[in-house]
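Here is the structure we will look at, set down as structure tokens.
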Amino acid sequence: MQYLDASQLSREDRRRDGGLWIQDSWRVTPRLTLNYGLRWQASGAIYNGTGVYTNPTPAGLLGPSTAPFAPGQLDGSSDPVIELRPRTYDTDWNNFAPNVAVAWNPSLAEDSLLGRLTGGDKTVFRGGYSLSYFDEGLNPFINFAGANPGLTQSLNLNPGMPGFRPGGLNLSSDLPALSGFPTSFSPPFRQADFTFRNVNFSTTQETLNTPYVHSWNVGFQREVAANTVIEARYFGNHSTRWRGYDLNEVNIFENGLVDEFQNAQRNLEINQRAGVNSFEERGLAGQVPLPMFEAAFGARGGQGAVDPGSGFANQEFITSLSQGTAGSLASELAGNSIYLCRMVGSDLEPCQQLGFNAAGSYPTNVFQANPFAAGSNINLMTDEAFANYHGLQLEFRRRYSRGFTLTANYTFAKALGDLFADSTSATRNYITLRDKEIDRSPSVFDVRHAFQAHWTLALPFGGEHKLASGNGVIDRVIGGWSLSGITRWQSGKPFRLTSERSTFNDRESGVILNGLTRDELQGMIDFRSTNDGLVYFVDERLIGPDGRANPELVQSPTTPGERGDFVYLRTPPTITTDLALHKNVPVRGSANLTIYVEALNAFNHPNFLIGGTGPDVSINSTTFGQVPLGNSPGVTAPRNVQIRVKLSF
């Protein structure tokens, strides 16, 4: 099997599932019914039918390491590879899913206490439990088993290659031969051949359990009047699902960088007072040597030291020191061959190929578990994500009678999980691998309070109604109209404030609240508009003079190694009312004319959305708190009135 020029990759991912189930319904008494069953499901592993997927094993994903944050422990593979692995995990056979439900309509003496509460025989109790399995789809497998280097070949032509002398070609010249990488489809591929090429490695666990949901519910329904019932229900579930994340989190602790970063901050402060914008140790009082930075910027074997503008006087590094973003600086050192190869030297083979012919003073995994993916991700798909839901539901229902029907319900609910994202590939890095519990948070779908009502009212005009005119023509015009509506009120969706600062690792480090609690901050979330046409979802007290968040209330972490709080807030409530007026007009025979007058968002209430290019939640953005208008997610469409006429025959 070889690469073909200008050909399309055919994936043909496949899976086979099967199952058996039994179910039964037993009417124990005329007032008690049981439903129960059991399903067994075999969830076949997804695999690549064309046999071309390449990926490392989970052990090979970590390269020379066996765990993150262990610099110097090189007990993994010294020459990790990407293998031909169209199948990366096994079929899951152990999926037994029971379900049971009960409905009981008790008959109680109406003069007893319980009878008065339940209305005698006008009450039904319901309850149930089920375990069900579901399918994550093909995207997770495609993005983790089928997105590795080697699956496709890149062609390039750079000056200096054979037949391409710089300045030696013109428009009439024949095109020199392109260079392909990899040269042929001959797995296994050495990871070392892809280092510093800005590519990610990924794979799945060798055992991926089928995602499942435990669900349970109890309910109480009572008839309170003719055609009218009330119902109270509790519903809960617990689910597990797949989650992919990066294991190459940058390390600033076990390697000593966080301490050296603080020393570099002091050196910079002393130098700047002397008029020098550099963090180099220059022998001034209070300054200390910086061995890690000296190794990263200094000579190594036949390679000389970097220029000051790329080293101690590098403005990006100085900005990181000023902001305390040790994780950002470590990420730059870890992913750039200029610095990493001076630190690890010839111990990392890709550095040998770049001319570093002397051993380094630091281990190859000084910053990341797999240095062969230097500055890139090593992504693993697992089955460890979870979500919980608990909801109390109250409902009032009136069946259509005397021209009126109404259903109204209220839900108080709480949805938690560890995957604060809506991702088709189930991908989301943990805030830090050091403590995965930090990711436990409200779900992006969490709606704490929700009220909804929909109703229909036949208007009492014309015909036999009291408000008839007595004139047949007029009654036909004013009669037969019905008014209906849907009203929904729900609390806002959760969002998380970000600082876009990396003081703890190479990921988001959260924010710091000054002198106010999360609840007090939530009280500052509401719509407001300004004279210049901008719309905000935060109080003006939260906006600083430059458009960023007011640092007196909310600020970024600035201490290297510090992790701020991950503050979850809610958007303003959603309130919508849709109204409709309609009338059926018989025409002739079976022909019928229907007139609709509809008002969507009838009271023109603005409703707030988070997502896409939605409202700015970064406290360091100069547009913090603003709501984008136009087609971007932000504020829903205004009131929309439409008239429709339908002729049926």
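The figures follow:
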| item | result |
| --- | --- |
| Identity of the residue in the range 208-219, touching an Asp or Glu at 6+ places or on another chain (Cβ under 7 Å) and either over 30 Å from residue 17 (Cα atoms) or of a type outside the set (Ser, Thr, Tyr) (or both), that ends up surrounded by the most Cβ atoms within 10 Å (Cβ to Cβ) | 208 |
| Pick from the range 230-272, criterion basic (Lys, Arg) and in a strand (DSSP E or B), ranking: least open to solvent (accessible area, probe 1.4 Å) | 243 |
| Pick from the range 128-153, criterion modelled with pLDDT of 90 or more and of a type in the set (Ser, Thr, Tyr), ranking: farthest from residue 98 (Cα to Cα) | 133 |
| Residues that are over 30 Å from residue 196 (Cβ atoms), charged (D, E, K, R) and under 24 Å from the mean Cα position of the chain (by Cα), drawn from the range 377-435 | 383, 384, 414, 418, 422, 435 |
| Near pairs, Cβ below 8 angstrom, 6+ apart or cross-chain, from the range 136-163 (at positive phi) to any residue that is of a type in the set (Gly, Ala, Ser) and surrounded by fewer than 16 Cβ atoms within 10 Å (Cβ to Cβ) | 163/177 |
| Pair list, Cβ < 8 Å and 6+ apart or interchain, from the range 257-283 residues that are on the phi < 0 side of the Ramachandran plot to residues that are among the charged types (D, E, K, R) and surrounded by 17 or more Cβ atoms within 10 Å (Cβ to Cβ) | 267/280; 267/281; 271/280 |
| Odd one out for residue 400 among (1) within 30 Å of residue 235 (Cβ to Cβ); (2) open to solvent by less than 50 Å² (accessible area, probe 1.4 Å); (3) part of a strand (DSSP E or B) | (2) |
| Selection count where residues are touching a Gly at 6+ places or on another chain (Cβ under 6 Å), part of a loop (DSSP other than H, G, I, E, B) and hydrophobic (A, V, I, L, M, F, W, C), scope the range 334-367 | 2 |
| Verdict on residue 44 being farther than 30 Å from residue 126 by Cα, of a type outside the set (Asp, Glu) and surrounded by 10 or more Cβ atoms within 10 Å (Cβ to Cβ) | yes |
| Pick from the range 10-33, criterion among the aliphatic types (A, V, I, L, M) and open to solvent by 90 Å² or more (accessible area, probe 1.4 Å), ranking: nearest to the chain's Cα centre (by Cα) | 20 |
| Candidate set: the range 510-529, residues that are part of a loop (DSSP other than H, G, I, E, B) and open to solvent by 40 Å² or more (accessible area, probe 1.4 Å); chosen: the one nearest to residue 323 (Cα to Cα) | 514 |
| Filter pass, residue 593 being modelled with pLDDT under 90, surrounded by fewer than 15 Cβ atoms within 10 Å (Cβ to Cβ) and not in a loop (DSSP other than H, G, I, E, B) | yes |
| Residues (hydrophobic (A, V, I, L, M, F, W, C) and more than 20 Å from residue 416 (Cβ to Cβ)) located in the range 481-520 | 481, 483, 486, 489, 504, 511, 512, 513, 516 |
| In the range 466-488, the residues that are modelled with pLDDT of 70 or more, among the aliphatic types (A, V, I, L, M) and touching a Gly at 6+ places or on another chain (Cβ under 6 Å) | 478 |
| Residues of the range 287-342 satisfying the condition of being basic (Lys, Arg) and closer than 27 Å to residue 273 by Cα | none |
| Residue identified as within 23 Å of residue 73 (Cβ to Cβ) and of a type outside the set (S, T, N, Q) among 403, 355, 391, 327 | 327 |
| The range 123-159: number of residues that are open to solvent by 60 Å² or more (accessible area, probe 1.4 Å), of a type outside the set (Asp, Glu) and not in a strand (DSSP E or B) | 7 |
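This table checks each residue for (1) modelled with pLDDT of 95 or more; (2) open to solvent by less than 40 Å² (accessible area, probe 1.4 Å); (3) in contact with a Leu (Cβ under 6 Å, 6 or more places away or on another chain); (4) not in a strand (DSSP E or B).
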position: 381; (1), (2), (3), (4): yes, yes, no, no
position: 393; (1), (2), (3), (4): yes, no, no, no
position: 412; (1), (2), (3), (4): yes, no, yes, no
position: 450; (1), (2), (3), (4): yes, yes, no, no
position: 457; (1), (2), (3), (4): no, no, yes, no
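The values are calculated or read from the model by the stated rules, or taken from the named source; none is laboratory data. Since we're looking at a predicted model, the values are computed, not measured. Here Cβ is always computed from backbone atoms with ideal geometry, including for glycine, and neighbour counts include all displayed protein chains. Ligands, DNA and RNA are stripped out before the accessible areas are found, and what is left, the full protein with its side chains, is counted by its heavy atoms. Shrake-Rupley method; radii C 1.70, N 1.55, O 1.52, S 1.80 Å.
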